[in-house]
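Visitor: Below you will find the structure I want to go over with you.
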Amino acid sequence: MKPKLLFVVGPTASGKTDAAIELALRCGGEIVSADSVAIYRGMDIGSAKPSIEEMRGVPHHLLSFADPAVPYSVSEYKRDALRCIADILARGRQPIVCGGTGLYVNALLFPLDFGSAPADASVREKWNRFLAEKGPAALHAELKKVDPVSAAEIHENNTRRVVRALEIYECSGVPKSAQRAPDAPPDLPYEPVLAGLTRPRPSLYARCDARVDAMLRAGLVEEVRALREGGLSDSAQSMQAIGYKEIAAYLRGETTLEEARENMQRNTRHLAKRQLTWFRALDKIRWFDLESYADPGAFFRDLAAYSLGNSSIS
């Protein structure tokens, strides 16, 4: 039988990190991050990386290992994550993939194929309005900021493809150019078991807003300032992440800090909505509404029983 690869996924601020750590403690597990911002060194507060204390002794992989000045692709993530997973299994430990970057999770489940990337009509409409107001050249310039490889490949007059590339980036946080033609049908070396965490929408959005405020109190402005003073360009792929791009705009004098805060909260809520849409498209995922549990211990027991194959959990 193939070994299990456990996944703890869901929208931002849903409680994935704590759940994955608790699960790891119960099964002798190690966590492989699936977060496209937490991979970068120096981007700690804005990615909500767990502290050493919060990790509770559980080994974490693919955190703070990439240079934020260098683009990091989904194909690179797949390579690095598979190496980590193989190493964890070889040592007799249980790998647990935890994160909210849908493309990273999909890379471990399916061939790399952007044709199956989910669509978001509201995002597409936003860029179509931008096109109508500012024209093809301005639209193409926006793509060049976040995905210069795709921008070089797509002519600015091919506005449909430009809009689609922008839609893919905004919905996933990862450039379209990071993935190429489909691989052969997957023959996974493990059996994936997917647990999705969610909360009622008002509660989830309130947690998103509270997380932004906590990041600002923890020193996000100083973190972004240090990255910029260290030579990281505002146009770097890593700096397009929520939290970093809004604070960079504030530091450039384009917004007030309060406007940056409000933009971060709005963009974080929108991200949570897109993540829910992405993960709900996955087959064979068991969803856990954390607020349906009066006792957190009962949730952790159910999560462990489901993930580890206890037949008492359907």
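The values are calculated or read from the model by the stated rules, or taken from the named source; none is laboratory data. For clarity, every value in this text was computed on a predicted model and none was experimentally measured. For neighbour counting, all protein chains shown are included, and Cβ atoms are generated from backbone atoms with ideal geometry for every residue, glycine included.
Let's see how each residue does on (1) charged (D, E, K, R); (2) surrounded by 12 or more Cβ atoms within 10 Å (Cβ to Cβ):
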position	(1), (2)
Asn267	no, yes
Leu271	no, yes
Gln275	no, yes
Lys284	yes, no
Trp287	no, yes
Leu290	no, yes
Tyr293	no, yes
Ala298	no, no
Ala305	no, yes
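Visitor: Can you work out which of the residues in segment 149-195 that are of a type in the set (Gly, Ala, Ser) and closer than 15 Å to Asp120 by Cβ is modelled with the highest pLDDT?
Guide: Selected residue: Ala165.
Visitor: Another question, if that's okay. Among the listed residues Val58, Val32, identify the single one that is crowded, with 24+ Cβ neighbours inside 10 Å, touching a strand residue (DSSP E or B) at 6+ places or on another chain (Cβ under 7 Å), β-branched (Val, Ile, Thr) and in the same structural domain as Arg261 (by TED's automatic domain parsing).
Guide: Result: Val32 is the single residue among Val58, Val32 that is crowded, with 24+ Cβ neighbours inside 10 Å, touching a strand residue (DSSP E or B) at 6+ places or on another chain (Cβ under 7 Å), β-branched (Val, Ile, Thr) and in the same structural domain as Arg261 (by TED's automatic domain parsing).
Visitor: Cβ contacts < 6 Å: first residue of a type in the set (D, E, K, R), restricted to segment 278-294; second residue assigned to a strand (DSSP E or B), any location; separation 6+ or different chain. Result?
Guide: These pairs meet every condition: Arg286/Ala195; Asp289/Thr198.
Visitor: Also, quick follow-up: Looking at segment 67-77, can you tell me whether even one residue there is assigned to a helix (DSSP H, G or I) and of a type in the set (A, V, I, L, M, F, W, C)?
Guide: Within segment 67-77 (the criterion being assigned to a helix (DSSP H, G or I) and of a type in the set (A, V, I, L, M, F, W, C)), the answer is yes, since at least one residue qualifies.
Visitor: Next up: Of all residues in segment 64-83, which are farther than 20 Å from Tyr169 by Cα and crowded, with 20+ Cβ neighbours inside 10 Å?
Guide: Ala81
Visitor: Among the residues of segment 84-92, is there at least one that is over 23 Å from Met239 (Cα atoms) and of a type in the set (Asp, Glu)?
Guide: yes
Visitor: Just to check your reading of the model, which residue among Val193, Val224, Val212 is without any contact (Cβ under 8 Å) to a residue 60 or more places away in the chain and of a type outside the set (Asp, Glu)?
Guide: Val212
Visitor: If you don't mind, another one. Tell me, yes or no, whether segment 101-114 has at least one residue that is over 18 Å from the mean Cα position of the chain (by Cα) and over 22 Å from Ser235 (Cα atoms).
Guide: yes
Visitor: For Thr256, which of the numbered conditions (1) modelled with pLDDT of 95 or more; (2) at positive phi fails to hold?
Guide: (2)
Visitor: Just checking, which of Ala34, Ala81, Ala13, Ala69 is under 15 Å from the mean Cα position of the chain (by Cα) and closer than 25 Å to Ala226 by Cβ?
Guide: Going through Ala34, Ala81, Ala13, Ala69 in turn, the sole match is Ala13.
Visitor: Take Ala226 and decide whether it is within 17 Å of the chain's Cα centre (by Cα) and either under 30 Å from Pro71 (Cα atoms) or not polar (S, T, N, Q) (or both).
Guide: No, not satisfied.
Visitor: Counting only residues that are in a loop (DSSP other than H, G, I, E, B) and without any contact (Cβ under 8 Å) to a residue 60 or more places away in the chain, which one in segment 118-146 is farthest from Arg164 (Cα to Cα)?
Guide: Only one residue tops the list, namely Gly135.
Visitor: Here is a further query. All but one of (1) in a helix (DSSP H, G or I); (2) of a type outside the set (S, T, N, Q); (3) surrounded by fewer than 16 Cβ atoms within 10 Å (Cβ to Cβ) hold for Pro189, so report the exception by its number.
Guide: Failed condition: (1).
Visitor: Would you please name the residue that is surrounded by the most Cβ atoms within 10 Å (Cβ to Cβ), looking only at residues in segment 214-253 that are under 19 Å from Leu143 (Cα atoms) and of a type in the set (D, E, K, R)?
Guide: Among them, the one singled out is Glu246.
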